[in-house]
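The block underneath contains the structure these notes are about, expressed in structure tokens.
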Amino acid sequence: MDKSDPLQSAQETTGDESFFRRWSARKQQLVQPEIQAPKTVDNAQIEPPAPALTDADMPPLESLNEQSDYSGFFSPKVSTELKRLALRKLFHSASFNVTDGLDDYAEDFTQFAALGDIITQDMRHMMDVIKQREAKQAADESTASAPADADSPDSEETAATNETEQQDPAPKPDDHPA
């Protein structure tokens, strides 16, 4: 047998010194580290813990500012109402009221900048539609005021334009050219 092989030597060893028992003990030490006793200094006096602060020990809320220490308000004996008021004072300070710029609703979208000389394709299309409607109304008014003469060449032209306009009605507001 070869003594350099750890598996064979672990199988041969019996009792507390087996390979698996040593491994298990080391694993337990890692999981549950020993609690070390606190180191004490010779001739040093240990201070007793400070008593819990109460509402009477807290500074007045009017004297608090951004640089004030608010940790005393977290003492267990301080009333929840006083804690709430102190935190309200803290979070209403200027350093906590900064928007990050990523908030979608932080800006005022009711005021629009003027477009100026920019005319979009939709605007051009709507202007053409309005011109066509005005031309149609003018043509309708002229045909209604003039006596209808079936033989006149002008009446044939207006009838032809009225037919084409009826075939190509004005687009609905929902229809937008792409």
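Number of residues in the stretch 56-80 that are closer than 23 Å to N97 by Cβ and surrounded by 12 or more Cβ atoms within 10 Å (Cβ to Cβ) equals 6.
Criterion applied to K89, K83 was being open to solvent by less than 100 Å² (accessible area, probe 1.4 Å) and touching a residue at least 12 places away in the same chain (Cβ under 8 Å), and the one residue passing it is K89. From the list Q137, Q121, Q132, pick out the single residue that is exposed (fewer than 12 other Cβ atoms within 10 Å of the Cβ) and at pLDDT 90 or above. Checking each option against the conditions leaves just Q137. Residues that are of a type in the set (D, E) and modelled with pLDDT under 85 do occur in the stretch 36-57, at least one of them.
The values are calculated or read from the model by the stated rules, or taken from the named source; none is laboratory data. These numbers were taken from a predicted model, which means no experiment stands behind them. Glycine gets a Cβ as well: all are built from the backbone with ideal geometry, and neighbour counts include every protein chain shown. Note: accessible area is taken over every heavy atom of the protein model, side chains too, but ligands, DNA and RNA are not part of it. Shrake-Rupley method; radii C 1.70, N 1.55, O 1.52, S 1.80 Å.
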